[in-house]
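Novice: This is the structure I have questions about; it appears just below.
The values are calculated or read from the model by the stated rules, or taken from the named source; none is laboratory data. Fair warning: this is a prediction, and the values are worked out from it, not measured in the lab. Don't worry about glycine lacking a Cβ; one is built from the backbone with ideal geometry, like all the others, and counts go over all protein chains shown.
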Amino acid sequence: MAEVKGSVVPSTNFLSLLDGLWQFDKLMKFVYYVLCLDAFLVWKKGFGIFRLSSAMLNGLSIGDVVSFLVFFGFFSSFALMVLGYVFSDIFNRVRYSRFFNFGEGDYKPMQDGYVYFGSLAKFAMETQSDLAYKIYQEASNERNRKHRCQHMAESVSVGCFFVFIFGWYLSSADASSGMIIDWLYDFQKNDMSHAGIGWFFSILLFIYIVIIYQSYDWFNSRVYYPPLYEIEEKERKRVRERDREMQREFDSKMREMEEIRRKD
């Protein structure tokens with residue numbers, strides 16, 4: 001009876017692991033864990049995860065396990081935070097640079113029914129509307145949840161990229177170290193060189209980082225509340241009409257001044 005229980009628990013855990021891998025964010029977390037273990041093994045022991053046998057596994061000491069936990073914890077908490085901040089700063093500078101900003105001065109209407117979080121909070125306090133405040137709280141909690149998920153996805157994407165680069169640096173050019181990059185090289189049956197595999201997946205992971213950073217929802221700072229949207233849209237139309245009228249008056253005065261200058 002004890003044997004039956006012992007056999008059920010590992011299979012249940014394995015099935016729950018497989019079930020979690022259906023979600024892409026959890027899959028990338030798993031890839032990150034494997035890449036970290038792979039890089040640590042070849043760095044400390046000289047062999048990668050695909051050369052790890054049961055005999056080698058028994059040869060690992062408590063110190064090796066502690067060293068891996070320290071290495072993983074330091075990189076995932078401090079080093080990854082610094083690398084993510086640097087990449088985010090560079091990415092935002094490039095994304096908002098003059099080269100990528102087209103039609104910056106054009107009017108971009110708000111999506112129908114959406115208002116800014118700050119506007120809704122101010123409206124709820126001024127009108128003492130319980131409904132507006134409730135919608136603001138629910139939307140704010142959802143935004144914070146998405147922000148945490150986005151931050152985790154960004155960290156994992158940056159981590160996968162840099163750990164893969166580090167593992168590629170430690171790997172053997174003849175694919176004998178048993179690392180993931182060596183397995184990828186053997187898997188594609190020598191259609192690409194070992195260095196070509198490294199460049200290919202490095203570029204692929206870099207593109208994945210850009211996609212993750214770019215996928216941050218533009219409407220994360222906005223919430224759906226049509227009553228306030230109608231009030232703000234009327235105000236925006238009034239301001240645009242006033243600006244157009246001021247522009248017409250300015251153009252008219254400039255034409256009058258030009259005519260006077262020509263007569264003189």
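Novice: Which of (1) over 30 Å from Ser155 (Cβ atoms); (2) under 36 Å from the mean Cα position of the chain (by Cα) does Phe201 not meet, given it meets every other one?
Specialist: For Phe201, the failing item is (1).
Novice: Can you tell me which residues in segment 202-228 are at pLDDT below 85, assigned to a helix (DSSP H, G or I) and either outside the structural domain of Phe91 (by TED's automatic domain parsing) or touching a strand residue (DSSP E or B) at 6+ places or on another chain (Cβ under 7 Å) (or both)?
Specialist: Matches in segment 202-228: Phe219, Ser221.
Novice: Now for a different question. Mind checking which pairs have a first residue in segment 230-241 that is at negative phi and a second that is surrounded by 11 or more Cβ atoms within 10 Å (Cβ to Cβ) and among the hydroxyl-bearing types (Ser, Thr, Tyr), Cβ under 7 Å, 6 or more apart or different chains?
Specialist: Glu232/Ser119
Condition check ((1) of a type in the set (A, V, I, L, M); (2) surrounded by 10 or more Cβ atoms within 10 Å (Cβ to Cβ); (3) at pLDDT 80 or above; (4) in contact with a Lys or Arg (Cβ under 8 Å, 6 or more places away or on another chain)) across all residues:
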| site | (1), (2), (3), (4) |
| --- | --- |
| Glu3 | no, no, no, no |
| Val8 | yes, yes, no, no |
| Phe30 | no, yes, yes, no |
| Cys36 | no, yes, yes, no |
| Leu52 | yes, yes, no, no |
| Ala55 | yes, no, no, no |
| Gly63 | no, no, yes, no |
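Novice: Cβ-Cβ distance below 7 Å, separation of 6 or more or different chains: which pairs start in segment 38-49 with a residue that is under 17 Å from Val70 (Cβ atoms) and end on one that is crowded, with 17+ Cβ neighbours inside 10 Å and of a type in the set (Lys, Arg)?
Specialist: No pair meets every condition.
Novice: Please list, ordered by first then second residue, the pairs with beta carbon atoms under 7 Å, 6 or more apart or interchain, first in segment 124-139 and modelled with pLDDT under 90, second not in a helix (DSSP H, G or I).
Specialist: Correct list of pairs: Ala132/Tyr225; Ile135/Val223; Ile135/Tyr225; Tyr136/Val223; Ala139/Val223.
Novice: Could you list, ordered by first residue, the pairs with Cβ atoms under 8 Å in which the first is in segment 154-182 and outside any loop (DSSP other than H, G, I, E, B) and the second is among the acidic types (Asp, Glu), at least 6 apart or interchain?
Specialist: Val156/Asp25; Gly167/Asp38; Ile180/Asp38
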